[in-house]
Amino acid sequence: MGERGLERTDGNPEVQQPEETLNIFGKIRATLWHNTPSKIGLVTIVAIFAFIFAGRILVPYPPDAITGAPYHPPDLAHPFGTDYLGRDLLSQVVWGAVPTFAVSVASAIISVGIGFPAGLFSGYFTKMEPLLGGTTDIFLAFPILPLIVLMGELFVATNLLLIVILGILLWPPLARAVRAQVQSLKTRPYVEAAKISGVGDMRIVSSIMVPQTMFLAVAYTVINISLSTIIVTAVEFLGVGNPNAISLGSILYWAQDYAFTAGAWWWILAPGVIIALFAVGLGLMGFSLERVLNPRLRSQ
Amino acid sequence: MGFIRRRIYTYIGILLVVTNLDFFLPRIAPGSAADILVTTALNSSEQRQLLLARFGLNKPLYVQYYLFLKNLFATWPPNFGLSFQYYPRTVTSLIAARLGWSMLLMLSSLFLSVVLAYFMARRSSLRVGKATDTAFMYGSISSQTVPVFWIAMVLLWVFGFDLRWFPTFGTATPNLPFGLAYVGSVIYHAILPVVVMTLSIFGQNYIVLRGSIQEVLQSDYVVAARTRGLRDRILASTYILRNSLLPLVAILSFSMAGLVSRDVLVEAVFGYNGVGDLLVDGVVNHDYPVLEGTFFVLTLIIILGGLIGDLLLVRLDPRIK
């Protein structure tokens, strides 16, 4: 949860967006690819995606079928070994990765879908700074994991619920950043000129504000995917929801109960490595993005 | 004072949100608490009515709300009700017994992570070596994002089960009278969880500290002092340390939520009897009062930690009014 703390700037837009180029893809490429930590992260993510994709086609066993002896260490037939029932772990990882990632990505998209318009409109139309700023502060310090645990217990904890909750909890930082940017843009001479010459508000927002802030939206999507993944795997690990549904976190949920006493180290290692690599890959990308978003954090 | 006032508003806001969530969520969730309590054997609606009355659930909503708030804020210690699983123990007593252990874990890790980050930052700043710096950076980023519960499981496996250097669960050897042996046992049981937590949080501290030390090193005062020949060591302990700690303290207030979440996960893996473990217990046992109470207390910890951090910041930073 590191990024969220570092995110606290004055909201000074001059600091946040020094170059106002509209070349979004150029900026994205520069930040994510020409930046070593991010490049490593990106490569890792792509590699894992490839691994999972290939796995779904190549792995012969379904993840929930008993295809081997229980607690079987890794061998050629089961490269990741088997769990306590005799189900192949590689299949579980390869198939279970999808629900986990789907939830992270979906919640990140929702959070941006809420936060981006919220920031745009609150920045352009009203002066609701204390409201948005206060909300962001509250969400920043909110105990997300306990809340999800509580809600997961009370309500039927489906993935949909998780997506919605995370989407709601993660939108404020983007909104605040976008708002700050929009407010700064509002004072630009060309925007004032446009307003005076009668260009409609919606037009200004859509053709000036949106492109300028698009980079923020993309950056925060990645950052939020990173945060979501961490939270989602932790929630799955705790057994909230349906631990019988196979997901990356739930593999470790069962491992925690059974692997230690059975000496099944592979059960803990392999799925965990995949999760760790994915999390670190996203974290590296998020780190580079954070640096661009908050130049104050850049080291000299 | 404007800064502190804004922070307090934020904390009150969080408290309000959490309090209302704690009250309304269980009441709008499908199934009532009485349904959970009443086992399938006790099918009579009479029993149900009795239970509802016992827990005060048959009163009108606004009365329940008033009582809820009164129990929470007007009594000390706050009354969260009775646990379903450990009936008739009160949730408050359960939390109180475990609070100390969680605080032990969290405070130790917090302290160690700052110390570790400080020494790392000092190493990579004062002696400019690219390899060390890069390694530390990647180490910091990775350790923060790797799931803490997995780190916990791996370390538990290697050092607990495989090498058997450390115990695998619990906070201390049971039934030990208070004394040197007990303290030793506490430390022994706490080492692995604290190491795991520290590993997970030092990264953020290091990154912030490193950035701020570099900034300070280039400030005019420091450059001038060094030109005058003042030795780095003297500088480090006075000016550099004091000023580079400021952003770190600012960060600490915001990192409390992450600290608490990690604490819950670490306690879950190590079976460490803290409040986080109680939360997980509540999940397993469907114990709503425990869940609500723990949620509230964990939020309180975050708020208090944040407030202390903010007060510290105001004390240390002369620029904040």
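Mean partner shielding of peptide B:214-221, defined as the number of other chain Cβ atoms within 10 Å of each residue Cβ, is 1. Among A:Val93, B:Val266, the order by Cβ neighbours within 10 angstrom, fewest to most, reads A:Val93, B:Val266. Put in order of Cβ neighbour count within 10 Å, fewest first, the listed residues A:Met214, B:Met103, A:Met209, B:Met256 become B:Met103, A:Met214, A:Met209, B:Met256. Volume per residue of the convex hull around the Cα atoms, evaluated for chain B, comes out as 177 Å³.
Rounded to the nearest 20 debye, the dipole magnitude of the stretch A:77-185 is 320 debye, with +1 charges on Lys and Arg beta carbons, -1 on Asp and Glu beta carbons, and the Cα centre as origin.
Please determine, in degrees from 0 to 90 and to the nearest 10, the orientation of helix B:91-126 with respect to the longest principal axis defined by the Cα atoms of chain B, where the helix direction is its Cα long axis. Taking Cα atoms only, the helix is inclined about 20 degrees.
Within the listed set A:Leu252, A:Leu150, A:Leu238, the Gaussian network model of chain A (springs between alpha-carbon atoms below 10 Å) gives the highest mean-square fluctuation for A:Leu150.
Ranked for footprinting exposure by Cβ neighbours inside 10 Å, fewest first, B:Ser83, B:Ser143 give B:Ser143, B:Ser83. Over chain B, dividing the summed -39,500 (n - 2.57) contributions of all DSSP H runs of at least 4 residues by the number of residues returns a 222 nm mean residue ellipticity of -24000 deg cm²/dmol. If you run the Gaussian network model on chain B, springs between alpha carbon atoms under 10 Å, then out of B:Gln214, B:Gln85, B:Gln49 the most flexible one is B:Gln49. With respect to chain B, whose longest principal axis is taken over its alpha-carbon atoms, helix B:2-28 is tilted by about 30°.
In chain A, the longest principal axis of the Cα atoms and the axis of helix A:265-293 are about 10 degrees apart. The longest part of chain A holding none of the exposed loop trypsin sites (Lys or Arg not before Pro), meaning those outside H, G, I, E and B in DSSP with at most 15 other Cβ atoms within 10 Å, is A:128-297.
All C-alpha pair distances within the stretch A:148-200, sorted into 5 Å bins from zero, spread as 4, 16, 14, 12, 10, 9, 8, 8, 7, 7, 4, 0 percent across the bins. With the biggest extent put first, the Cα atoms of the stretch A:144-287 measure 75, 33, 19 Å across the principal axes. In the elastic network of chain A, a GNM with C-alpha springs shorter than 10 Å, the most mobile of A:Val182, A:Val232, A:Val191 is A:Val191. Taken over the stretch A:199-277, the convex hull of the Cα atoms encloses 105 Å³ per residue. Here, the protein assembly as shown is characterised by an Rg to Rh ratio of 0.98, where Rg is the alpha-carbon radius of gyration and Rh the Kirkwood radius.
Dividing the alpha-carbon radius of gyration of the stretch B:132-275 by the rule-of-thumb value 2.2 N^0.38 Å gives 1.36. Legend: mean number of C-beta atoms from other chains within 10 angstrom of residue C-beta atoms, peptide A:150-158, equals 6.
Give the Debye-formula value of log10 I(q)/I(0) at each listed q (0.18 Å⁻¹), with one equal scatterer per alpha carbon of the stretch B:240-321, two decimals each. The Cα Debye sum returns log10 ratios of -0.76. Averaging 1/r over every pair of different alpha carbons in the stretch B:101-163 and inverting the result gives a Kirkwood radius of 13.7 Å. Are there chymotrypsin sites (Phe, Trp or Tyr not before Pro) in the stretch A:151-247 that DSSP marks as loop and that have at most 12 other Cβ atoms within 10 Å, and which are they? Passing sites in the stretch A:151-247 do not exist. Considering the stretch A:109-212, its Cα convex hull presents a mean projected area of 7.3 nm². Based on the reciprocal of the average 1/r between different C-alpha atoms, the Kirkwood radius for the stretch B:257-304 equals 10.5 Å.
Projected over every direction and averaged, the convex hull enclosing the alpha-carbon atoms of chain A yields 17.6 nm². Of all the C-alpha pairs in the stretch A:33-106, what % are more than 20 Å from each other? Summing the P(r) tail past 20 Å for the stretch A:33-106 gives 41 percent.
Considering the stretch A:20-172 at the alpha-carbon level, its Rg and Dmax are found to be 21.2, 65 Å.
Just the C-alpha atoms of the stretch B:148-225: what Rg/Rh do they give, with Rh taken as the Kirkwood radius? Rg/Rh for the stretch B:148-225 comes to 1.27.
If you count Lys pairs in the protein assembly as shown whose Cα atoms are under 30 Å apart, skipping same-chain pairs closer than 8 places in sequence, the total is 12. Packing order of peptides A:269-280, B:181-192, highest average first: A:269-280, B:181-192 (average count of other Cβ atoms within 10 Å over each peptide's residues). In chain A, the sites counted are GluC sites (Glu not before Pro) in DSSP loop states with at most 16 other Cβ atoms within 10 Å, and the longest stretch holding none of them, exclusive of the sites, is A:21-300.
Every read-out reported here was derived from the displayed coordinates using simple, explicitly stated rules and does not represent laboratory data. On a predicted model such as this, the values are computed, not experimentally measured, just so you know. Virtual Cβ from ideal backbone geometry, glycine too; neighbours counted across all protein chains shown.
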